[in-house]
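Trainee: What follows is a structure written as structure tokens; I'll ask about it next.
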Amino acid sequence: MLNETLCIELADAEGALMRLIGTVERRGFTIATLEKSQPADGRSAITLGLTPRDGVRSMDVLIRQIGRLVDVHAVFTPQIAAAAGAAAAHAPHRWSPACPPRN
């Protein structure tokens, strides 16, 4: 089966990690790997390597469910993050015409 990776920005709150893990398990995914950063500014970065238990499990549904958890600030796949970063790098600076530099 395919392995999927999710990156999650999670509040460093009591029970937040347990709620995240429980949601992943209840949605029918097995956690193959879990990496957690040291909390900074009250948030941690979590990277999950996931394997669906069977072919009918939807990563889109899991992402929506995780995004609804109270302590989750962001959830995305590395492919989404890379595409967003590339688009931002090639986009013109939208504030430059409206906000000229001050003298």
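Trainee: Please state which one of Gly55, Gly42 is more than 11 Å from Glu4 (Cβ to Cβ) and open to solvent by less than 50 Å² (accessible area, probe 1.4 Å).
Mentor: Matching residue, one of Gly55, Gly42: Gly42.
Trainee: Please enumerate the residues belonging to region 29-80 that are without any contact (Cβ under 8 Å) to a residue 24 or more places away in the chain and of a type in the set (Asp, Glu).
Mentor: Passing the criteria: Glu35, Asp41, Asp60.
Trainee: For region 56-88, which positions are in a helix (DSSP H, G or I) and either at pLDDT 80 or above or of a type in the set (Lys, Arg) (or both)?
Mentor: Met59, Asp60, Val61, Leu62, Ile63, Arg64, Gln65, Ile66, Gly67, Pro78
Trainee: Take the conditions of a type outside the set (Gly, Ala, Ser), surrounded by 14 or more Cβ atoms within 10 Å (Cβ to Cβ) and out of contact with any Gly (no Cβ under 9 Å at 6 or more places or on another chain) and apply them to Val24. Does it pass?
Mentor: Yes.
Trainee: When region 31-53 is examined, which residues are found to be touching a Lys or Arg at 6+ places or on another chain (Cβ under 6 Å) and within 17 Å of Ile63 (Cα to Cα)?
Mentor: Ile46
The values are calculated or read from the model by the stated rules, or taken from the named source; none is laboratory data. Just so it is clear, the structure is predicted and the values come from calculations on it, not from any experiment. All Cβ positions, even for glycine, are placed from backbone atoms using ideal geometry, and neighbour counts span all protein chains on display. The area values use the complete protein model at the heavy-atom level, side chains included, leaving out ligands, DNA and RNA. Shrake-Rupley method; radii C 1.70, N 1.55, O 1.52, S 1.80 Å.
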